[in-house]
Amino acid sequence: MIRIFKTSKNVILNIDEYFDTVELGILNFKEGINNYLEGNLSEFENNLDKVNKQEESADAIIRKIENDFYVHSLMPNYSSDILSLLEKTDDIIDKIKDNLSQFDVEDPYFPEDIKNDFSRLVSLSVKSAENVIPAARVFFTAPNLVKDKLQKVIFYERETEKLATKIKRTLFKDMPFLKLSEKIHLRYFTLHVEQVAEASKVVAKLLSSLVIKIKM
Amino acid sequence: MFLFFLSSGLFLGWSLGANDAANIFGSAVGSKMVKFSVAVIIASIFVILGAVLQGAGASDTLGKLGSVNAIGGAFTVALCAGVTVFWMTRLKLPVSTSQAIIGAIIGWNFYSGNTTDITVLGRIVSTWVAGPILGAIFAILLYLLLKFFLERSQIHLIKLDAYLKYALLIIGAFGAYSLGANNVANVVGVFIPSVPDLYLDFGFFALDGVQLLFLVGGISIAVGIATYSKKVMMTVGNELMKLSAEAALVIVLAHAMVLFIFSSSSLSNAIQSIGLPAIPLVPVSSSQAIVGAIMGVGLLKGGRGIKFNILGRISLGWVTTPIIAGFVSFMSLFFMDNVFKLEVFNETNTALTSVTTNLNNLPTLSETTLNINLFQPLLYGIIVILIVVIIVLVLKLTNDKLHSKDEESTDIVRKYKAQEAFLKTELTKVNSENAELEKEIEFKRKEQMNIALSIIQKNRFLEKLRTKIDAIINKSDTNQEELSNLKKLIVENLSIDKDRQRFNIYINELNRDFYFRLLNRYPNLTENEQHLCALVRLNLSSKDMASILNISTKSVEVNRHRLRKKMHLKRENNLSEIISKL
């Protein structure tokens, strides 16, 4: 009982560190894919390396937080919801890592005509993820402000979806010079990038239900 | 005898502790915000404190309603209230010990012919209605205040959780204090007129008979909390009141405030002093106050989830509990009076002021006040306990220290043993590896030797062959040209001997380490000299070396001599011995 303040302080620091790590992961992802599209492969390798490390570190921090929640029975009424919020946020960085690894392993070929659109797709998807992290942060201090931030997440997720459809249409209808296998390959990469925004949307939905629950 | 009669009150106290502690700590323990053991300790301490320090107010009102002036009557009244509570609980009707005891006292009034003060009764009944309503009002106000504060302060949720845990404990302590102060009257209130006139002086503080009675009542509530409240707490925490920590905090605080208001004589006096009507000091139902508070919070949230049938059942409880308790009390008093011939009331003294004189009727009570000075025994007792505690602590500490030292040394020994075992296995492994390597080296040496021998034999044979061919050439009748060709072929074969080359490569490969060591010691040796050293190491004779190196035996001797010089060896030094030692 006496150590509860020290524990809560540690948990707060860990949660902040966790969100910092995920945010850095998102930035590295964006930079990594742009480097790949521009052909800066050594820079891309560097980004991939960083994201791998950040994903590992996020996993370690989340384990620490979970441990503290269970051992010190912190927030017993909402612990499972809060831990699931952190897990879902972890999904974002997991998807980011998978995405970059797929770029590294499969080495997809992007025709010049599509590079710009793909770069914009990554930027929109990343914006959705970038906006969900501050929303998750603010949930812990001012749950009332979460809703405003979530609007942006949903907006960027929808924009990502629209642009992804456009890219897929261009691939299959306006690029006869590409082989079917190449088209399918690029479609998969479009889907993968879209998944980052979708993971952010899942976090956003969880956050909005959590806010209602906490206010009850 | 008094203690025997008091047992019914203690039973009532036990059941009150078992049930009503859940109102205070139910949500905190049920939601795992506070540990059960911590809740029990805090609730027990503060219930007793509340009962002893502030239990008098509500008891006075009970006394005004009807002073049960015979111990037999008090026993019967408390027993009937207890049985009614038990029976109503079995019928799953919301029940309050306050209402049961008041109903039972009215039953006693009827039986003894004592007039029931309607004004007092009206005041008491009005508090039963006012209790839940006040609970609701307090809860609403406190909830709004808390929400306002939380929205402005922007405390981190995790930190807020820590604050709430402590707040629940502090407010729970306040709730327990109020419960003790307000409800101890239910438990032992009816025994006050019959209490033995004792005065225990502990030096630092003194307890009179009534306070002792409250202490015993408080302890009975605390025992109820410690022994039987866990299940009820879990039920209240998990089923009845699934609330957020903030709401639970507000509800417990509102409930504690209601109980405190109806038991604090100083607050009542303060209100009176500013010209307002006095607060009636009445035991109110803890459960009803808490249900009122829950309803208040529920109404604030828009009335969703409020179970109006619960409200109906509470109202039913207000009416039925006192009536049933009164009826059971009346019947039991009749039974006790006529069958067991137990004195249930004292006819000569029914006035409210005659409380102390009743005691004269009891054979066990003293004629005058018993003033017992417990200062010295208490002081000695404390000193003895302290000494015992210090001795036990010292013994425990020494024991712990020894134990930890033992454990430490055992750990170290275990560690060393494990290390030793590990090193032994490593050693055996290395030894077996070395033995295998030795075998391999031996095998390779033999192989080298075989190759060397085969080269030597082959060379000898070829030499013989050459000599013979020379002899044939010298004869006049032989085909000179053909034989010359044969000789040429043999000579070529001797000089381009693949076997020899292979052997040399082999020797170089195998003796790489040896060459390294050799050069470290004698850095100015040429490649041929190194090669010679390798052959010396194989213990070959000069003749054999000559055939391997494809030079004459004399050249080998010369080379050996040069080598000895370069290696600065004296006459008595054996070259092959020194080389083999390398």
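When chain A is treated as a GNM with alpha-carbon contacts under 10 Å, the residue of A:132, A:105, A:196 showing the greatest mean-square fluctuation is A:105.
For the range B:533-582, the Cβ-based charge dipole about the Cα centre amounts to some 240 debye (Lys, Arg positive; Asp, Glu negative; other atoms uncharged). Take residue A:165: with every protein chain present and a 1.4 Å probe, its accessible area is about 60 Å².
Accessible-area rank, largest first, for B:406, A:68, B:208: B:406, B:208, A:68, with all protein chains present and a 1.4 angstrom probe. Rounded to the nearest 20, the size of the Cβ-charge dipole of the protein assembly as shown about its Cα centre is 2180 debye, with Lys and Arg at +1 and Asp and Glu at -1. Across the cross-link table entries A:6/A:149; B:396/B:424; A:127/A:173; A:6/A:215; B:415/B:581, which are compared at the Cα atoms, the separations over 32 Å belong to B:396/B:424; B:415/B:581. For the range A:54-67, the Karplus equation 6.51 cos²θ - 1.76 cosθ + 1.60, evaluated at θ = phi - 60°, returns couplings of 5, 5, 4, 5, 4, 4, 5, 5, 5, 5, 4, 4, 4, 4 Hz by residue, with Gly and Pro reported as x.
Only protein heavy atoms count here; on that basis, with a 1.4 Å probe, residue A:50 has an accessible area of about 90 Å².
The mean sequence distance of close C-alpha pairs (under 8 Å, at least 6 residues apart), as a share of the length of chain A, puts its relative contact order at 24 percent. Residue B:475 contributes about 120 Å² of solvent-accessible surface, heavy atoms of the protein only, 1.4 Å probe. Which lysines does residue B:458 reach when only Cα atoms under 19 Å apart count, and residues fewer than 8 places away in its own chain are ignored? Excluding near neighbours in sequence, the set is B:446, B:468, B:487, B:488, B:498, B:543. Relative contact order, whole percent, for the range B:414-531 stands at 23, derived from Cα pairs under 8 Å and 6 or more residues apart. Ordering B:506, A:109 by accessible surface, largest first, gives A:109, B:506; the 1.4 Å probe counts only protein heavy atoms, with every chain in place. Bridging of residue B:429 to aspartates and glutamates at a Cα separation below 16 Å is possible for B:420, B:438, once same-chain residues fewer than 8 apart are set aside. Cα centroids of the range B:250-295 and the range B:101-156: 6 Å apart. Based on alpha carbons, the Rg and Dmax found for the protein assembly as shown are 49.6, 176 Å. When only the Cβ of Lys, Arg, Asp and Glu is charged (+1, +1, -1, -1), the dipole of the range A:70-216 relative to its Cα centre reaches about 640 debye.
Shielding of peptide A:64-76 by partners, expressed as the average count of other chain Cβ atoms within 10 Å per residue Cβ, is 3. The listed peptides A:171-177, B:165-171, ordered by packing as a protection proxy, come out as B:165-171, A:171-177 (highest mean of other Cβ atoms within 10 Å first). Accessible surface comparison of B:119, B:526, probe 1.4 Å, protein chains only, largest first: the order is B:119, B:526.
Taking both sides together, what accessible area is buried at the A/B interface, probe 1.4 Å, expressed in Å² and rounded to the nearest 100?
Buried surface at the A/B interface: approximately 2100 Å².
For the range A:33-112, averaging the sequence separation of C-alpha pairs within contact (under 8 Å, six or more residues apart) and dividing by the residue count gives a relative contact order of 40 percent. When the Cα positions of B:533, B:209, B:252 are compared along the charge dipole of the protein assembly as shown, B:533 comes out farthest toward the positive end, with charges on each C-beta of Lys, Arg, Asp and Glu.
The values are calculated or read from the model by the stated rules, or taken from the named source; none is laboratory data. Predicted model only: the values in this text are computed from it and were never measured. Backbone-built Cβ (ideal geometry, glycine too); neighbour counts: all protein chains shown. When the accessible area is computed, the model is the full protein with side chains, heavy atoms only, and any ligands, DNA or RNA have been set aside. Shrake-Rupley method; radii C 1.70, N 1.55, O 1.52, S 1.80 Å.
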